[in-house]
Every structure is written in structure tokens, then in C-alpha cells.
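Enquirer: Provided herewith is a single structure, encoded as C-alpha cells, for subsequent inquiry.
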Amino acid sequence: MIETIINNLNNFFESNNVFLDLCRISDNKINKILIKYNNKFYLIDRRCPHFGLPLTSSSFIDNYITCKWHGCRFSFIPDNATPKENIIKSVIIDKEDTSWIENELQN
Ligand code: FES
């Protein structure tokens, strides 16, 4: 399992893709999305804060996510332009460190 996830992650790191649905590549065990932005990798919850629906078909532009279900717009980086209720908590991932994957699999 973890080797499959790491292989998918390495492909993602080298690709032009903006996000990776970790739920899909982990047999539904990691309910997170990894987002690539400005050469950093942000781990966020896969569920939309509005109604809990999956964010995977949303649009990801810069640090903003627009959920496809009801159109709410969120930022995964705190900024002055976004109300705090529209900030999604994120964790920056070091692509050389895979220990976070095991932590996620245990949750
Ligand atoms: S579930 Fe995302 S905007 Fe409603």
C-alpha cells in the first residue's frame, strides 16, 4: 500500500498536475488532497467545509479552491482577502519525507 502511494506521489511531484486525490490512491484510507502551489505541497482535508462533499472536482487556482457543489471559494493559505471561515487548514509537506503517510494511514 505505502509503496503504491509513494509511487503516485513521485509521479505527482514530477507532473504538471495541481492536485492529487490521496483518497483515490489509498483505497479510501487517506481522506486528504495534496495541492501543488508555488513549489510547495499543501495537505488539506478532502471534504468541503461547507457541506462535507468531496473537493476533488473543484477548481484549484493559485491558493484558491472553488467547490463545484455550491460554489464556495476557499483559500488554503491565510490571507487578508479571505474571511477566516473560508480558510481551509493546510499542512506543508516535505516531498523528501514520507513519514506523514504512515501517520495518515493510522488515523
Ligand atoms: S459542499 Fe462545497 S460549497 Fe457546498
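Enquirer: Within the group Thr66, Thr98, Thr82, which residue is at pLDDT below 95, of a type in the set (Val, Ile, Thr) and within 16 Å of the ligand (Cβ to nearest atom)?
Expert: Thr82
Enquirer: Tally the residues that are within 11 Å of the ligand (Cβ to nearest atom), assigned to a loop (DSSP other than H, G, I, E, B) and modelled with pLDDT of 95 or more, restricting the search to region 37-57.
Expert: Of the residues in region 37-57, 7 are within 11 Å of the ligand (Cβ to nearest atom), assigned to a loop (DSSP other than H, G, I, E, B) and modelled with pLDDT of 95 or more.
Enquirer: Quick check on region 85-95: of everything there that is surrounded by 14 or more Cβ atoms within 10 Å (Cβ to Cβ) and assigned to a strand (DSSP E or B), which residue is farthest from the ligand (Cβ to nearest atom)?
Expert: Ile93
Enquirer: Since Ser58 meets every condition but one in (1) loosely packed, with under 15 Cβ neighbours inside 10 Å; (2) free of Cβ contacts under 8 Å to residues at least 24 places away in the same chain, which condition does it not meet?
Expert: (1)
The values are calculated or read from the model by the stated rules, or taken from the named source; none is laboratory data. All values derive from a computational prediction rather than experimental measurement. No Cβ is skipped: glycine too gets one built from the backbone with ideal geometry, and neighbour counts run over all protein chains shown.
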